[in-house]
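Working notes, structure below.
The values are calculated or read from the model by the stated rules, or taken from the named source; none is laboratory data. Please read these numbers as outputs of a predicted model, since none were measured by experiment. In this analysis, Cβ positions are derived from the backbone assuming ideal geometry, glycine residues included, and neighbour counts consider all displayed protein chains. For the accessible areas, the whole protein counts, side chains as well, though only heavy atoms, and no ligand, DNA or RNA atoms are used. Shrake-Rupley method; radii C 1.70, N 1.55, O 1.52, S 1.80 Å.
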Amino acid sequence: MKFKGESAEYRKVRNQLLEAEIALKDQRERVAVLRRQLPMGALVETDYVFREGPSDLGDEAPANFRDVRLSQLFAPGKDRLIVDHMMWAANDKLPCPMCNMWADGYAAIAPHVGNKVNFVLVTKVDLATLREWARRRGWDKIRLLSSHGNTFHKDFHMEEDAGRQRPGVSVFNRAADGKIYHFYTTEASFAPGHHRAIDLYSPVWNLFDLLPEGRENWMPKHSY
């Protein structure tokens, strides 16, 4: 479509851009097809135990806190689980600002995602710290879990030897016999020098990419 008053040069470059946008869309779909063709990964032999509180973030009654196993994160009839690995080390006061921004977005869309698939946010920080911050951010629609007492993040390469955390997303599959398999994990870096692997999961970056100057060096903060 043409816009009133646009120049011939604008239209020429815009048409070139359109071709590139269509090619990018097709490439994204090819990548998605390859991902869907992955065979099931390794059997998850550890039924990890996480710590979870009630969905009401204002409820801090100790009796309502519980241990929950990985196998219990699968609701009846939902055999897929998406895990957001939040970068928040055990001794850090606040989460990674970028992971915090992703979680802000997930808080809004979690009910939609949860209609199709099990979806949880897992972080290494203790549950009390996670829930206190979640109350401030309004993360009351996300299922929040602490892996403070297990090796879940480390086993799936989201934790370094020194305890430093990495951001990422993992997908798990429950087979008909109840066994759980790892299907897919991606972190912020595909490989050294190739970052932005999980940018697509936040609309903020993609909106900024529409600007004449692009995203530049903008970085999220905990507050503005």
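If you keep only loop residues by DSSP, which GluC sites (Glu not before Pro) in the stretch 158-224 have at most 11 other Cβ atoms within 10 Å of their Cβ?
Sparse-neighbourhood loop GluC sites (Glu not before Pro): GLU213, GLU216.
Straight distance only, please: which lysines reach the Cα of LYS2 with their own Cα at less than 22 Å, same-chain residues fewer than 8 apart left out?
LYS12, LYS25
For the stretch 73-171, with all protein chains present and a 1.4 Å probe, just round the carbon and sulfur fraction of the accessible area to a whole percent.
On the stretch 73-171, the fraction of accessible area on carbon and sulfur atoms equals 52 percent.
Counting every Cα pair in the stretch 65-224, what percent are over 23 Å apart?
When every Cα pair of the stretch 65-224 is considered, 39 percent fall beyond 23 Å.
Hey, can you grab everything whose amide H is under 5 Å from the amide H of PHE119? Only 5+ residues off in sequence or another chain; H modelled, so Pro and N-termini drop out.
ILE82
If r is the Cβ-Cβ distance from GLU160 to ALA23 and R0 is 41 Å, what FRET efficiency results, to the nearest 0.05?
In this case the efficiency is close to 0.65.
When ligands, DNA and RNA are left out and all protein chains stay put, how many square angstrom of accessible area per residue does the stretch 1-108 have with a 1.4 Å probe?
66 Å²
Between the DSSP loop rule and a limit of at most 12 other Cβ atoms within 10 Å, which trypsin sites (Lys or Arg not before Pro) in the stretch 56-117 are left?
Those that pass, being in a loop and sparsely packed, are LYS93, LYS116.
If I stretch the segment between VAL31 and LYS78 completely, what's the gain in nm (0.36 nm per residue apart, minus their alpha carbon distance), one decimal?
Extending this stretch completely gives an extra 14.5 nm.
Ranked highest first by average number of other Cβ atoms within 10 Å, how do 15-28, 124-137 line up?
The densest-packed peptide leads the list: 124-137, 15-28.
For the chain, give the share of DSSP beta bridges that are antiparallel, in percent and rounded to the nearest 5; count only bridges with both residues there.
Antiparallel bridges: around 70 percent, rounded to the nearest 5.
Could you work out how much longer the chain between TYR181 and LEU200 gets when fully extended? Use 0.36 nm per residue separation minus the Cα distance between them, nm to one decimal.
4.4 nm
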